[in-house]
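The values are calculated or read from the model by the stated rules, or taken from the named source; none is laboratory data. This is a predicted model, so every value here is computed, not measured. Note that each Cβ is placed from the backbone with ideal geometry, even for glycine, and that neighbours are counted across all protein chains shown. All accessible areas refer to the heavy atoms of the entire protein, side chains included, with ligands and DNA or RNA removed. Shrake-Rupley method; radii C 1.70, N 1.55, O 1.52, S 1.80 Å.
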Amino acid sequence: AFGQVIRCFDHKTKQSVALKVIVNTEIMQEQGRIEVGIIQHLNSLDKAGNEHIIRGLDFFIFRRHICATFEILGQNLYEYSRSIRFRPIASSAMKPIAQQILSALAFCHTNGVVHCDMKPENILLTPGGFKGIKVIDFGSSCFVGHQRYEYIQSRFYRAPEVILGVQYGPPMDIWSFGCIVIEMMIGKPIFPGNDEHEQLDMLMEVFGPPPKDLLMKC
């Protein structure tokens, strides 16, 4: 829907890269520029590459498509879970992965960035097995206070405030984080709603109805 990612060989640097080509529409060009700005912002504050954020290598425009090259990483968490037939991952194995995801989100939030689309597909394993991760795809991200969209986040990981249409921010990423960790540890999504109504029904089964003062803000 938003673009393609292709594995390419950069003949100047003699290395393989992930080339992201963003769809050439006015809206996607604008969001592509925001994505590039956010990645450059985060990478510039993480010179050593210790904050578990994807490294952007180059950014350019080709035939009006915004393009970006990134480091090559491994499977995403969904692909990894599928490769082990969605068997639950032990807490001892999941704990360091969860800590790294939280570290990445803390770094983003401290520096004014909301990811807005945390899900297993946007967490990639680093080469070497189930040991390290990096957060990818800032195509829906925004700076705090500059939220642009009401319809955001993949549904299984969509925070209640987003569904209800009230103001959202960094806490939405933490909600998604919780959904991701639980999914990896039980082998299936915890709130797999077919639409937003069913999603709310599933949330209320666990948490009860939303407070009336919150509903009045919807």
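So which of Lys95/Lys188; Lys119/Lys217; Lys188/Lys212 end up more than 22 Å apart, counting from Cα to Cα?
With Cα atoms farther than 22 Å apart: Lys119/Lys217; Lys188/Lys212.
Only Cα pairs within less than 10 Å get springs; with that Gaussian network setup on the chain, which residue of Ser154, Ser140, Ser92 has the largest fluctuation?
With Cα springs under 10 Å in the chain, the top fluctuation among Ser154, Ser140, Ser92 is at Ser92.
Where a Cα-Cα gap under 21 Å defines reach, which lysines qualify for Lys12, not counting those fewer than 8 residues away within the same chain?
In chain and number order, the partners are Lys20.
About the Cα centre, and with charges only on the beta carbon of Lys, Arg (+1) and Asp, Glu (-1), how big is the dipole of the range 79-192? Nearest 20 debye, please.
The dipole magnitude comes to about 420 debye.
Could you order peptides 52-60, 185-193 by the average number of other Cβ atoms within 10 Å of their residues, highest first?
Result, highest mean first: 52-60, 185-193.
Please build a GNM for the chain, connecting alpha carbons under 10 Å apart, and tell me which residue among Arg85, Arg33, Arg63 fluctuates the most.
Taking springs between Cα atoms under 10 Å, the residue moving most is Arg63.
How many percent of DSSP beta bridges within the chain run antiparallel, rounded to 5?
95
Below 8 Å, C-alpha to C-alpha, sequence gap of six or more: please give me the relative contact order for the range 108-218 in percent.
Normalised by residue count, the contact order of the range 108-218 is 24 percent.
Can you work out the FRET efficiency for the pair Glu205 and Ile182, with r the C-beta to C-beta distance and R0 = 22 Å, to the nearest 0.05?
Between Glu205 and Ile182 the formula returns 0.90.
Treating only the Cβ atoms of Lys and Arg (+1) and Asp and Glu (-1) as charged, compute the dipole magnitude of the range 1-152 about its Cα centre; round to the nearest 20 debye.
480
Determine the sum of side-chain charges near Phe138: Lys and Arg each +1, Asp and Glu each -1, restricted to other residues whose C-beta is under 15 angstrom from that of Phe138.
Combined, the nearby Lys, Arg, Asp and Glu give -3.
Among Lys47, Lys131, Lys12, which one moves the most in a GNM of the chain with springs linking Cα atoms closer than 10 Å?
Maximum fluctuation in the GNM of the chain, among the listed residues, is at Lys12.
May I ask you to order 203-214, 118-129 by the average number of other C-beta atoms within 10 Å around their residues, highest value first?
The densest-packed peptide leads the list: 118-129, 203-214.
Provide the per residue accessible area, probe 1.4 Å, for the range 1-138, rounded to a whole number of square angstrom.
I get 54 Å² per residue for the range 1-138.
Determine the share of the range 102-218's accessible area contributed by carbon and sulfur atoms, expressed in whole percent, with a 1.4 angstrom probe.
Taking all protein chains in place, the range 102-218 shows 60 percent carbon and sulfur surface.
Give the carbon-plus-sulfur fraction of the accessible surface of the range 1-63 in %, rounded to a whole number; probe 1.4 Å, heavy atoms of protein chains only.
56
Below 8 Å between Cα atoms, with a sequence gap of 6+, how large is the relative contact order for the range 32-150 in percent?
Computed value for the range 32-150: 31 percent relative contact order.
Give me the angle, in degrees from 0 to 90, between the Cα long axis of helix 171-186 and the longest principal axis of the Cα atoms of the chain, rounded to the nearest 10.
90
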